[in-house]
Amino acid sequence: MNGSSGGIESSHPMRPRIVFLVMSAVSKPATIEQLARALAPHLVLVHHDFSQTPNFPLTAPNVRFVPNPKQTGWAVFGFVEGIFHSLQYAMANIDFDYLQLLSPTCLPIKPLEQFEAHVSGGADAHFDCIDLLGDRDALMSVGYRALTPERSFRHRVVRFLSLSYFGATSGRRDEAGIWLRSGAGRGVMPWIAFATVKALSRPWIGRHIFDESFRPYYGTTWFGARRNVIGGMVDMFSRPAVHDYFSRLRISDEFLIPTLLMHLGPRKGPMNHFIQKYDDAHPGEFHEEHFEQLRRSDAFFARKFADNPAAPARVKVLRELAATDAFTPSDLPLASPPPARAPQEDIRKETSGARGTPWVSPSRPAT
């Protein structure tokens, strides 16, 4: 991916064609409706797990469902399958320049025009990550998840050793959209734990797929990238060795996505998200008291907000940071009207025009 072209070309000279991919399962339809309308006129591609929420109507004109969605869930590989199923669908059916992955509880915290200018710059992908083998905190915090299959005996042993490595007064690092424990405990046990995990990091001992040519990285799932990078990720994920190995890991998306991106070697920019600090395994919520924090952030999106379009923090952020007052709860269909189109209906190729203009047919083939 190194050496790709500089700025994004577009059928509209001032506007890149952006697809926002939203992974949906249990959030309220009105929450995603509000998010989609805040992102108009760009296409919002929704991968929704109808097995978890069967009645899920969305009426925003810039929303399209991903056909044949996967069954998803927290910490299951179906979530990863759903992401890459959606990326593959986008590559085959939609002309776009840039794709940004979002959760239903994300919101823009900058005017959309600023994000459009941002992705038209020099970077090919925007994400943050930590070199798992080069960072002791990362190796000992989450290395057992990357180096051993979740249901294996080795996984249980290495997890126990990793927990015993950190002392009662160990610290915490919030970085790359995730968090890590920091600082070893005292005594011989932390030394034994580190030596064991370090040995397992070598492929001829650990029996994993990582080496110097395919190093493992750890970071948040929520990335954005240009079309050529998305294509490279889809291609790598389809390789049996990659797919099969990551399918056996716990919460594999936090390793898979940054590892693929780093292996592809795009020109890298910082991630587009400001993620609230994690409370153990889940990020906290942003509320009104965090507003100045959000205002000062250089990011373009924040996660996560309450799953309620009327939440004061959501309304305030959309009006004052995203610079729009068109997405307030009073004009959202909070009831459940019949869906505008069948979720599994085939969707013709579409691309976005200028803000305020209708969707138009692509003016050039996908590159």
Count of the stretch 218-265 residues which are among the small types (Gly, Ala, Ser) and crowded, with 20+ Cβ neighbours inside 10 Å: 5
Contacts under 6 angstrom Cβ, first residue in the stretch 71-87 being over 16 Å from residue 101 (Cα atoms), partner β-branched (Val, Ile, Thr) and part of a helix (DSSP H, G or I), 6 or more apart: none
Residue in the stretch 78-100 that is of a type in the set (D, E, K, R), in contact with a Leu (Cβ under 7 Å, 6 or more places away or on another chain) and in the same structural domain as residue 302 (by TED's automatic domain parsing) present: no
Criterion: assigned to a strand (DSSP E or B) and closer than 22 Å to residue 158 by Cβ - qualifying residue of 250, 172: 172
Qualifying position, being touching a helix residue (DSSP H, G or I) at 6+ places or on another chain (Cβ under 7 Å) and charged (D, E, K, R), among 154, 136, 186, 173: 173
Among the candidates 179, 204, residue that is at pLDDT below 95, in a helix (DSSP H, G or I) and either out of contact with any Phe, Trp or Tyr (no Cβ under 8 Å at 6 or more places or on another chain) or closer than 16 Å to residue 144 by Cα (or both): 204
Residue in the stretch 267-277 that is surrounded by fewer than 16 Cβ atoms within 10 Å (Cβ to Cβ), touching a strand residue (DSSP E or B) at 6+ places or on another chain (Cβ under 8 Å), assigned to a loop (DSSP other than H, G, I, E, B) and of a type outside the set (Ser, Thr, Tyr) present: yes
Flag if residue 314 is surrounded by 19 or more Cβ atoms within 10 Å (Cβ to Cβ) and assigned to a helix (DSSP H, G or I): yes
Residues that are β-branched (Val, Ile, Thr), modelled with pLDDT under 95 and either crowded, with 21+ Cβ neighbours inside 10 Å or in contact with a Phe, Trp or Tyr (Cβ under 9 Å, 6 or more places away or on another chain) (or both), drawn from the stretch 68-104: 72
Test: residue in the stretch 175-187 that is more than 30 Å from residue 97 (Cα to Cα) and of a type in the set (Asp, Glu): no
Wholly within the stretch 45-154, helices (runs of 4 or more DSSP H) carrying at least 1 residues that are closer than 21 Å to residue 20 by Cα: 77-93, 112-119
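The values are calculated or read from the model by the stated rules, or taken from the named source; none is laboratory data. Given the structure is predicted, the values throughout are model-derived calculations rather than measurements. Counting neighbours? That spans all protein chains shown, and the Cβs are built from the backbone with ideal geometry, glycine included.
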